[in-house]
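None of the figures in this text is laboratory data; all of them are computed from the coordinates on show. Quick caveat: nothing in here was measured; it's all calculated off a predicted structure. Reconstructed Cβ throughout: ideal geometry from the backbone, glycine too, with neighbour counts over all protein chains shown.
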Amino acid sequence: MTRPLAASGMAAVIALMAAPLAAETPERAKIEAVVAAQHDASVKALKDWIALPTIAAEKRGTPEGAEYMRKLALDAGFQQAKIIPTDGVPAVFATLDAGAKTTVGVYFMYDVKQYDPAEWDTPPLEGTLKQREGEGLVLYGRGAVNQKGPEMAFLAAIKAIQASGRKLPVNLVLVAEGEEEVASTHFDQVVAVPEVQAALSKAVGVFIPAANQSKDGSAAITLGAKGAVEFQLVVGGETSDRYPKTDVHSSNHARIENPAWRLVKALDTLVADDGHTPAIDGWFENVQPLTARQKELIAESAKPGLEAQEKTSLGVGRWIGDEDYVTSLERFYSQPTVNIQGLVAGYTGEGGKTVLPGRAEAKLEFRLVPKMTKAEAVSKLRAHLAKRGFDDVQVTVSGGYGPNETDEDSALIRAQKRLFDEQGVPYTIRPRNAGSWPGVIFNGPPLNLPASQFGLGRGAGAHAPNEWFLIESSDPKVYGLDQATMAYVDYLYVLAEEAAK
């Protein structure tokens with residue numbers, strides 16, 4: 001439904017004009033007008049995309065998700081877009097040749113996390129528009145902020161540039177995967193395709209669109225991200241004849257081993273007695289400590305009031321060891337972790353049930369920091385368990401990748417700093433994101449490219465119920481969809497200039 005101009009289109013133009021203009025963006029007002037005119041179409045496109053989830057963990061929405069992503073790329077002006085098969089969920093590779101001197105890589109994920117509709121206040125696949133107190137008009141839906149909202153804003157940006165009659169200031173190489181939410185199990189296969197690798201090798205760097213603005217309007221620049229490895233530990237009749245093939249009567253525990261206890265014993269060796277410090281043999285051998293500059297950046301990011309906001313958001317009252325805020329942030333960005341995501345064994349319903357489980361499973365993850373690697377972490381885990389006689393504990397790695405780092409002086413980062421300075425957006429620089437994305441696939445060999453996140457706008461609830469992305473902001477300092485779209489427009493022009501230096 002088209003919104004009345006006085007209430008929507010004109011308001012959007014005014015809001016966009018309120019932001020300081022980027023001098024590097026030619027005919028910016030014309031592009032702004034296009035962005036405002038296509039606002040309703042952009043919102044509908046986002047809602048339509050949310051309605052088609054790709055959930056790798058459930059093998060849902062594939063290959064439909066890949067084909068939909070391919071069509072989105074073509075609709076945005078990419079001259080060619082093709083599906084790249086993998087041993088898992090297919091990916092999409094697209095190129096847009098604008099005849100520019102600079103080429104930029106863009107990474108998309110088109111998959112989303114699982115969801116339970118019973119936990120949501122709105123249907124998770126309907127893209128519901130509602131006012132959110134203190135934020136403005138937001139769109140609720142699975143994938144709204146992680147990452148379909150920011151990605152749709154980017155697609156809207158390159159559409160607007162072209163619709164205004166201009167060519168893009170950079171050539172684009174897009175790679176989009178459908179397995180990010182299961183730790184990018186087969187993404188390395190995509191970048192290894194000669195045609196994809198050749199196209200990316202021309203890029204000055206690769207970035208992922210993101211919504212990196214806080215409620216106060218400030219933004220964050222990250223110089224990397226931790227790596228992630230997801231895996232399962234299983235003990236049971238399928239791993240040893242010491243355990244029953246199925247659940248049996250609990251009286252048999254007098255003569256048959258319980259796989260749940262065995263799993264607990266194995267898990268207990270992976271961390272120290274404090275319950276959080278990794279204790280896998282050789283785990284810290286290659287861990288790179290924070291530099292003086294990185295500690296300086298962390299201290300600068302610890303703004304007054306943020307600690308209380310974080311604790312409230314996370315629902316905690318203290319950090320590990322009652323550490324102060326800056327120390328907790330240093331730990332957050334620098335420490336590798338061994339985390340239990342979930343434990344499953346036997347009966348978990350109401351009341352009791354006299355069974356001895358036939359199977360016990362733990363879902364775990366590692367978060368890795370420079371200079372750790374996925375291969376090293378998995379190898380050390382297996383060796384650690386074998387040394388302690390846990391040959392009956394089956395290790396299944398479902399996905400993962402190492403950490404990534406990008407120099408603060410790379411064109412990707414210089415362009416972000418310059419854009420934020422020009423538009424009056426306060427920002428902090430973080431040495432890395434404590435979360436993960438597969439930037440190492442670009443950042444590491446053979447490409448060795450700078451890799452970063454970029455984007456203004458706001459949202460929350462990734463991986464959780466009631467995920468949302470800001471469409472129309474009630475605060476002029478915080479960017480809604482149209483302003484976030486224009487930020488991508490400006491970024492491409494500033495990046496083209498910075499890359500030429």
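At 7 Å along the Cα-to-beta-carbon direction for both D188 and D97, put a label point, then send me their distance in nm to one decimal.
3.2 nm
Neighbouring Cβ atoms within 10 Å as the yardstick, rank D475, D421 fewest first.
Ordered by Cβ neighbours within 10 Å, fewest first: D421, D475.
With everything on Cα atoms, drop me the angle between helix 28-37 and the longest principal axis of the chain, reported from 0 to 90° to the nearest 10.
Around 60 degrees separate the two axes.
For region 103-190, what is the convex hull (Cα atoms) projected area averaged across all directions, in square nanometres?
Here the figure is 8.0 nm², rounded to one decimal.
Exposure proxy check: E330, E307, E195 ranked by fewest other beta carbons within 10 Å?
With the sparsest Cβ surroundings first, the list reads E195, E307, E330.
Which lysines, on any chain, are close to K363 with Cα under 22 Å apart, when same-chain ones fewer than 8 places away are left out?
Straight-line reach from K363, under 22 Å: K59, K113, K226, K245, K265, K374, K380, K387.
Farthest toward the dipole's positive end in the chain, which of Q335, G236, Q394, given Cβ charges of +1 (Lys, Arg) and -1 (Asp, Glu) about the Cα centre?
Of Q335, G236, Q394, it is Q394.
Sequence-distant or interchain residues sharing an amide H contact under 5 Å with R430, placed H: which?
I221, T222, L223
Which residues does a label at D116 reach in region 463-480, if reach means a backbone N under 18 Å from a point 7 Å past the Cα toward the Cβ?
Within reach of a label on D116: 463-467.
Return the calculated 222 nm mean residue ellipticity for the chain, to the nearest 500 deg cm²/dmol, obtained by summing -39500 (n - 2.57) across DSSP H runs with n ≥ 4 and dividing by the residue count.
The helix-only estimate for the chain comes to -9500 deg cm²/dmol at 222 nm.
Grab the alpha carbons of region 176-250, take their convex hull, and tell me the volume per residue in Å³.
Per-residue hull volume (Cα only) is 210 Å³.
Mind sorting out which of (1) 38, 27, 21; (2) 41, 25, 23; (3) 46, 27, 21 is the real semi-axes √(5λ) of the Cα gyration tensor in Å computed from the coordinates?
(2)
Figure the gain on full extension for D87 and A308 (residue separation times 0.36 nm, minus the Cα-Cα span) and round it to one decimal in nm.
Extra length from D87 to A308 when fully extended: 75.1 nm.
Averaging sequence separations of C-alpha pairs under 8 Å and six or more residues apart, then dividing by the length of the chain, give the relative contact order as a whole percent.
About 25 percent, as a whole number.
Assuming a viscosity of 0.890 mPa s and a temperature of 25 °C, what translational diffusion coefficient in µm² per second does Stokes-Einstein assign to region 179-306, Rh being the Kirkwood radius over Cα pairs?
118 µm²/s
Label D241 and D273 with points 7 Å out from Cα along Cα→Cβ: what is the distance between them in nm?
So the two model labels end up 4.0 nm from each other.
About its Cα centre, how strong a charge dipole does region 67-212 have in debye, to the nearest 20, once Lys and Arg get +1 and Asp and Glu get -1 at the Cβ?
It comes to approximately 860 debye.
What are the radius of gyration and Dmax of region 275-413, computed over its Cα atoms and given in Å?
Cα only, region 275-413: 19.3, 63 Å (Rg, Dmax).
What is the magnitude of the charge dipole of the chain about its Cα centre, with +1 placed on the Cβ of each Lys and Arg, -1 on the Cβ of each Asp and Glu, and no other charges, expressed in debye to the nearest 20?
The calculation lands at about 440 debye.
Between H249 and A375, how high is the FRET efficiency from 1/(1 + (r/R0)^6) when r is the Cβ-Cβ distance and R₀ = 60 Å? Nearest 0.05.
0.90
Once the convex hull of the C-alpha atoms of region 437-484 is built, how many Å³ does it hold per residue, rounded to a whole number?
86 Å³
Based on other C-beta atoms within 10 Å, arrange S184, S410 from fewest to most.
S410, S184
Kindly state, to the nearest 0.05, the FRET efficiency for A292 paired with D216, given R0 = 41 Å and r defined as their beta-carbon distance.
Computed FRET efficiency for A292 and D216: 0.90.
By how many degrees, 0 to 90 and rounded to 10, does the Cα axis of helix 481-499 deviate from the longest principal axis of the chain?
Tilt of helix 481-499: around 80 degrees.
If you project the alpha carbons of region 415-501 onto their three principal axes, what span does each projection cover, largest first, in Å?
43, 33, 20
Pull up all non-local amide H partners of V271: gap of 5 or more, or a different chain, and H-to-H distance under 5 Å with H placed in the peptide plane.
A279
Please identify every one of the chymotrypsin sites (Phe, Trp or Tyr not before Pro) in region 202-289 that sits in a loop by DSSP and has no more than 15 other beta carbons within 10 Å of its own beta carbon.
Passing both the DSSP loop test and the Cβ count: F284.
Nothing charged except the Cβ atoms of Lys and Arg (+1) and of Asp and Glu (-1): what's the magnitude of the dipole of region 328-459 about its Cα centre? Round to the nearest 20 debye.
The calculation lands at about 240 debye.
Which one, Y107, P438, I413, projects farthest toward the positive side of the charge dipole computed for the chain from Cβ point charges (K/R +1, D/E -1)?
Farthest towards the positive end: Y107.
What's the FRET efficiency of Q79 with K130 using the Cβ-Cβ distance as r and R₀ = 56 Å, to the nearest 0.05?
Taking R0 as 56 Å, the efficiency between Q79 and K130 is 0.90.
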